[in-house]
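Data block below; observations after.
Please treat every number below as a calculation from the coordinates, not as lab data. Worth saying up front: this structure is predicted, and the values here are computed from it rather than measured. Please note: Cβ atoms are built from the backbone with ideal geometry, for glycine as well, and neighbour counts cover all protein chains shown.
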Amino acid sequence: MEEVVRYNYRLRPGATAVAALMAEWGRCRWLWNEAVHQQRSGGKPTFAKLCRLLTEARARNAWLRDGSQVVQQQVLRTYGLALMHSFTIKGRGRPRLKKRSRTLPTLDYTVRGFTLHGGRLRLAGGIIIPVVWSRDLPSKPSSVRVYQDCLGHWYASFVVRRERADAPEVTGSIGIDWGVATTAATTDPAYDLPYHGFRKRCAAELAKAQRKMARRRPPNGHAGSKGYLRAKRQAAKLHKRAARQNRHTTRIWAKSVVDNHQIIAVEDFKPAFLAKSTMARKAADAAIGAAKRELIERGTRAGRKVVLVPPAYTTMTCSGCFARATQRLGLGARTFVCTTCGHTAGRDENAARVILATVERDRAGVDGVRHAITSSGSGLHAA
Ligand SMILES: [Zn+2]
């Protein structure tokens with residue numbers, strides 16, 4: 001079977017190419033902001049309407065015509081999608097203005113807007129950029145996103161098709177409970193994913209950079225000094241390094257879980273209610289989000305049975321007798337003690353077992369099963 005994936009590569013654009021990319025981004029930002037203004041003044045900017053607008057604007061303005069039409073159309077398409085999602089997806093806000101100081105360049109090219117020639121990426125408008133080919137493309141790409149990160153590095157993300165290798169059948173099953181101290185606590189401690197966050201050395205360096213930033217922070221409305229920008233860049237660099245390390249560990253973990261288990265029961269963790277918490281907590285939540293995404297993606301791709309279990313009651317239910325405690329276990333309590341059967345287990349391990357049991361019982365809906373566990377209070381083999 002074939003699958004559609006992204007392959008990312010580092011770009012090494014010269015000064016001319018960077019200037020051209022930034023000019024292209026400036027035009028795209030202008031178009032996006034125009035669309036936002038339209039929407040705010042009640043213009044109901046559909047994609048078709050925006051395309052007409054683009055044609056008119058290009059006819060009027062030579063500076064807009066200087067840019068690639070492919071990229072400009074793509075920006076409006078992305079805007080149209082973002083607007084639609086703001087109505088259909090809960091919690092998604094209306095598209096907002098892209099401020100120059102707040103957003104990083106992102107340019108989308110469809111197949112008409114780019115070619116690969118002699119190992120270099122050639123974009124519409126004659127922008128030529130050398131690519132660092134860290135691995136081969138599995139097929140001819142159907143589109144490319146060219147973007148810059150917070151360190152000023154440029155990347156190309158190609159959309160390609162590749163042959164999907166079917167994962168060998170396995171029989172194991174595993175339950176996963178997300179947490180702060182341990183990102184993923186599982187029914188088999190060998191598969192636990194500890195939370196590393198900023199590893200010690202990294203954390204110390206980051207604190208130093210952040211102190212420096214704080215000392216040099218410019219007053220509101222003033223541009224930052226050279227020293228401030230240097231400290232800011234240093235902090236961004238450390239953030240990125242930590243993120244890269246965490247991503248690496250997460251991938252290896254998700255792969256080993258998926259390679260060895262047919263049934264993967266995952267707590268359906270939703271971090272939204274923690275939005276007002278500390279930075280450290282937010283970083284831990286982000287680690288959970290990334291691990292969950294990676295696991296679900298890998299699991300479904302390998303044809304595993306991945307089931308999301310609503311988190312209600314998982315920490316209150318005994319994994320030994322499935323009686324539900326009348327009181328919620330305090331956040332500080334690390335051990336679960338069942339008042340009905342006396343079963344004791346680590347708080348997270350108990351939750352992971354309950355999550356897995358919820359799925360392993362071959363009853364129809366997960367919700368129904370959970371209900372059965374929590375209300376009947378009888379055993380795993382009752383029904
Ligand atoms: Zn019990």
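Rounded if a/c is under 1.5, else prolate if a/b beats b/c, else oblate: with a ≥ b ≥ c from the C-alpha gyration tensor eigenvalues square-rooted, which is the chain? In terms of gyration-tensor shape, prolate. Taking every alpha-carbon pair within the stretch 205-272, the share separated by more than 17 Å comes to 63 percent.
Structural descriptor for the stretch 31-86: relative contact order 46 percent, calculated from alpha carbon pairs under 8 angstrom and at least 6 residues apart. Among the listed pairs K140/K305; K212/K292; K208/K270; K212/K240; K90/K232; K240/K282, give every one whose C-alpha distance is greater than 25 Å. Cα-Cα > 25 Å for K140/K305; K212/K292; K208/K270; K90/K232; rest within.
Divide by every residue of the chain the summed helix terms, -39500 (n - 2.57) for each DSSP H run of at least 4, and state the resulting mean residue ellipticity at 222 nm, rounded to the nearest 500 deg cm²/dmol. Before the final figure, lay out each step's value.
Numbers: 9 runs with 164 residues, N = 383.
My calculation for the chain gives -14500 deg cm²/dmol from helical runs alone.
Would you mind getting me the FRET efficiency between T103 and R328? Use the beta-carbon distance for r and R0 = 51 Å, nearest 0.05.
In this case the efficiency is close to 0.75.
At 0.36 nm per residue, minus the direct Cα-Cα distance, what do R241 and N8 gain on full extension? Give it in nm, one decimal, please.
Details: separation 233, 0.36 × 233 = 83.88 nm, distance 1.71 nm.
Going from the current span to full extension adds 82.2 nm.
Between V309 and V266, E267, D268, the built amide H atoms are under 5 Å apart, and every one of these is 5 or more places off in sequence or on another chain. The charge dipole of the chain, taken about its Cα centre with unit charges on the Cβ of Lys, Arg, Asp and Glu (plus for the first two, minus for the last two), comes to roughly 2560 debye. Summing Cβ point charges (Lys, Arg +1; Asp, Glu -1) relative to the Cα centre of the stretch 200-243 gives a dipole of roughly 160 debye. Between the helical axis of 366-376 and the longest alpha-carbon principal axis of the chain there is an angle of about 30 degrees. Treating each Cα of the stretch 34-157 as one equal point scatterer and applying the Debye formula with no solvent, the log10 of I(q)/I(0) at q = 0.19 Å⁻¹ comes out as -1.21.
Taking the C-alpha atoms only, the angle from helix 69-88 to the longest principal axis of the chain is near 30 degrees. Extension gain, D136-K49: 0.36 nm per intervening residue step, less the Cα-Cα distance, totals 27.3 nm.
Seen against the Cα atoms of the chain and their longest principal axis, helix 279-301 is set at about 90 degrees.
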